[in-house]
Every structure is written in C-alpha cells, then in structure tokens.
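Note sheet for the following structure.
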Amino acid sequence: MVILGLGSNTGDRLAHLRRARELLALIPQLKLLQVSPLYISDALLPDQAPDTWDQPYLNLAIKCETSLQPLELLQQVKNVEYTIGRKPLKRHWGPRVIDIDILAWDNLQLADDVLQIPHVQLPERPFALWPLADLVPNWVFPVAGNHQGKTAAEISARWGSRFSGEAPLQTRQILHRIDTPRLVGILNLTPDSFSDGGALTHTQTALRQAYHLAATGAEVLDLGAEATNPEALPLDPEDEWDRLEPVLSAIKNELHYMLLPPRLSIDTRHPEVAEKALQIGVDWINDISGLEDPRMQELVAASKRDCVIMHNLGIPADKNRVLSFQDNPVEEILRWGEQRLAQLENRGISREKIIFDVGLGFGKCAEHSFDLVKNMSHFQALNIRLLVGHSRKSFLNLFTNKPPADRDLETTILAIHLAEQGVDYLRVHDTEACSRGFKLAKALPRKT
C-alpha cells in the first residue's frame, strides 16, 4: 500500500491535480485505488517569502498499489511533475504547479538525501495527514518521536473538525473532487423556469446563488435567461440579453473573490446573445438547439470556445413531438450525434471543443429519458466529452410525485450512477447535494 500526496497552488489547481491523476494512472506497475477528498490550506512559507507566494494550496491523497521500488516510483512521479510543467524551485517552498510526494509505504521507513518515507513532519501537516487518514485511518506512523505507534486517525483527531478551518494553516476539507464528473451549476434567470422560475430574477439574488454554487462544488456556472420547457414563451434576443447581461457582468466581476473561480457558460440558442456574451468573456456556449443556426456555428468556430450541443426535436420542447415508443433512443441519438459532429467538423469546429448532451426531456418520453440515463456509457463511442442535464427533470415522475424543486434526492442518486458511467459534466440545481453524495459514494467499498 502506497499513499501519494498531491498539491497545487498556482494556475488552474483543479486541472493540474486532475492531469496528475491521469498521468499517474498511465505509469506501468502502479494501480490507483482510491482518491481522498480535497483540502484547501494556506501555503507553508519560508521567512521573508514574496507576497506572490501566498497562494492557497489544494491537496489530496491517492491510495495505490505498486511493484516498483521507492526510487523507481519517485522517478516516475518526477516525470509526471515535469510533464505538467513543474520547474526547479529557486527557493524552498515556492509556488508549485504540482507537487507529488510519497507520504507512506506500508510500514516502511526510509531516510536518505534523496527520499524520506514517511516525512518526519507529516504529523504536523493536516493538509497531508488528513487526506491520508481519509484513505487509511489505521495506518501507523512509524518514526520515532511523540507520534510513533499512533494511527493517522488518532494523530489527526487533535485538530478537530475537518471542515472548521481551525487546524494549522487553516486547512479544511472542501466539496470539490477530481475523480467525479465536474458539476455545472444552474442559474435560471427566468420567471417561468420549470423548477425554480422567478427565484433568481434579481441580480444580487443571482450573485449570491453563484457564490453558493461555486463554494459547493460547481466548476461551471450555466446562466440561462430563456426558459425552454413546453409551457414557456419564446424570448427574442434583445429581451434575453437585457435579462442576462446584468447578472453575467456582476458574476464576471466577482470571480476572483470566489473560492475556486468557476468557468462561465451561457445557455442560449441565439447567436446575437452568444456573441455579446463571448465579448464579456464567457468560456462556454450551451446551445440546446444543437448549433442548428449556421450563424451560431460560425461564431463558435471563430471563438475557439467550448460549446455544448444537445439532441432535440425542436425548441421549445413539445410534449407531442417525441421519439416513437418503438425507437431505441440510444441508437437514434448516437446516429444523430455522429451526423451532427461530422457537420460541425466540416464547419471548422473540432471535436475537442464540443460537449455532447443527449437532451433528457427534449423530444423524449419519460421512459426514453430514463433508458438513456441507464445506458449513458454507450455514448463514450462518440469520443467526446459528455454532459447530462437530469436535474429535477420531468422523467422523474416515474419515481416520485414531488414537485420539481423537491427532486434533489433523486437527482443526487442518479448523479452517482452517471459518475460510474463515465460522464464528464453534470448540470444540476443543487451542487451541494451532489457533492456530498459523491464524497460518501467514493468513501464506500467499490463493487468487484
């Protein structure tokens, strides 16, 4: 049993940690078994460090098995750091794009000029010991001293709650993860949304919700100003932009104050709105019409930004226009997806920039939508990133008569299933519920 500790405190920290996990998984003779929750802490700084070094760290641990020897694994780890972009530090404890340490190796003790396992200061560093204790709470610290013979859980208990921030360096556990789908937090700015219409029509209310979503696991905020449910009225681009712009600008100006600044996505089918949003600096265009409009295709191709395309049989959704009950929805949508992707590639939009959404509830009966949820792994055949928007959707009427706003339990359970299906993004209303569900699911034993 080997525990690796990973940390990053510069650039896109979550992306660096994800990339490190991906590269570690490629090392021959190293098997990744489990990833800990994520922790944030103040940087451990030397005396008279520059102010620019004072950047919070994200840390986690990964439990592994390996047949490599310690120095062999160390060399592989250093290769991963180099690939991600780490350069030799000019001074000790400087900012690091990625830092990977061997925290523990069963009961091994190793101390020389090259490698220390475990580090003698491990019991004093909650940003390293807490993630380790999440994975192997009964691991015994073997180094002589005050903590020799004590378990990781016993040593870390003196810091109190993992969530209070009262431990050294204000270390605390947060809700984001690197081993589950990225969460896309929904911000409906419409008065007629199917589940929360009217709740976020004021700029300050929407801004508070944006902060909440970002703090509870959202890595993307998806802003929509036009409802597209069957009862909603279409909105012209001018009115849509008037509703969207104040909130979008307010959130854009506040991003640098957020714990982990999310990317911004605009949910629109109107190229006029998308163009203005791109000028403000959004990262995604989420077009539920599937980039049907040639003007939108040109805009996305020129922008080089990511775009979400969704299968549908017409916008707004129409209850009377759905796939036939005899159709296999997986086969139908796979066929549509391949055709649309080929069309978009011919228009200069690369697959690397496209995210595919099967469009639950759009042109599908409830049974079709649930069939798609059960078989989402089939869409890996498209070889692009997958997004699922299942949150509070009408197909959940198969399982509950609760109103849409009271369906977050069902949404979270399906989110855990979809995570096992290899989905890349989940678009949800309640990011906190999904984040908490992921955390517990990942702590439980996996089926063999």
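The values are calculated or read from the model by the stated rules, or taken from the named source; none is laboratory data. Only a predicted model underlies this, so the values are computations on that prediction, with no experimental measurement involved. Here Cβ is always computed from backbone atoms with ideal geometry, including for glycine, and neighbour counts include all displayed protein chains. The accessibility values were calculated without ligands, DNA or RNA, using every heavy atom of the protein model including side chains. Shrake-Rupley method; radii C 1.70, N 1.55, O 1.52, S 1.80 Å.
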Notebook entry, point to check: To the nearest 20 debye, what is the magnitude of the charge dipole of segment 287-417 about its Cα centre, counting +1 on the Cβ of each Lys and Arg and -1 on the Cβ of each Asp and Glu?
Noted result: 200
Item checked: Antiparallel bridges, percent of DSSP beta bridges restricted to the chain (to nearest 5) -> 45
Checklist line | Cβ-placed point charges (K, R +1; D, E -1), dipole of the chain about Cα centre in debye, nearest 20 | finding: 1200
Checklist line | Tensor-based shape of segment 40-180 (alpha-carbon gyration tensor, a/c under 1.5 rounded, otherwise prolate or oblate) | finding: rounded
Next item on the list: Using a 1.4 angstrom probe on the protein heavy atoms only, line up HIS176, HIS16 by accessible area, largest first.
Entry: HIS16, HIS176
Notebook entry, point to check: Counting only protein chains, not ligands or nucleic acids, how are PHE395, PHE370 ordered by accessible area (probe 1.4 Å), most first?
Noted result: PHE370, PHE395
Notebook entry, point to check: Under a GNM of the chain (C-alpha, springs under 10 Å), which listed residue has the highest mean-square fluctuation: ILE98, ILE174, ILE117?
Noted result: ILE117
Note to self: Using a Gaussian network model on the chain with a 10 Å cutoff between Cα atoms, which of ALA274, ALA250, ALA433 fluctuates the most?
What the structure shows: ALA250
Notebook entry, point to check: Going toward the positive end of the dipole of the chain, with +1 on Lys and Arg Cβ and -1 on Asp and Glu Cβ, which of LEU264, PHE379, GLN34 do you reach last?
Noted result: GLN34
Check: Restricting attention to segment 206-254, which GluC sites (Glu not before Pro) occupy a DSSP loop and are surrounded by at most 12 other Cβ atoms within 10 Å?
Finding: GLU231
Checklist line | For the chain, built as a Gaussian network whose Cα springs stay under 10 Å, the top-fluctuating residue of LEU398, LEU221, LEU264 | finding: LEU398
Note to self: Can you give me the C-alpha center-to-center distance between segment 27-80 and segment 361-410, rounded to a whole angstrom?
What the structure shows: 37
Notebook entry, point to check: Listed highest first by mean packing, meaning other Cβ atoms within 10 Å per residue, what order do 40-48, 382-390, 143-151 come in?
Noted result: 382-390, 40-48, 143-151
Item checked: In Å², nearest 10: area of ASP179 left accessible to a 1.4 Å probe -> 20
Checklist line | Anisotropy class of segment 357-448 from Cα gyration tensor, a/c 1.5 cut | finding: oblate
Next item on the list: With a 1.4 Å probe and every protein chain kept in, tell me what percent of the accessible surface of the chain is carbon plus sulfur.
Entry: 49
Notebook entry, point to check: In percent, how large is the relative contact order of the chain, given Cα pairs closer than 8 Å and 6 or more residues apart?
Noted result: 12
Checklist line | Reach of LYS439 by Cα under 18 Å, taken over aspartates and glutamates that are not fewer than 8 positions away in the same chain | finding: ASP134, ASP179, GLU219, ASP408, GLU410, GLU420, ASP424, ASP430
Next item on the list: Please give the per residue accessible area of the chain, computed with a probe of 1.4 Å over protein heavy atoms only, in Å².
Entry: 46
Margin query: Which of rounded, prolate or oblate describes the chain when judged by the alpha-carbon gyration tensor and an a/c cut-off of 1.5?
Written below: prolate
Check: Here are some pairs, LYS276/LYS304; LYS87/LYS304; LYS252/LYS353; which of them have Cα atoms lying more than 25 Å apart in this structure?
Finding: LYS87/LYS304
Check: Which angle between 0 and 90 degrees, to the nearest 10, do you get for helix 237-254 versus the longest principal axis of the chain when only C-alpha atoms count?
Finding: 10
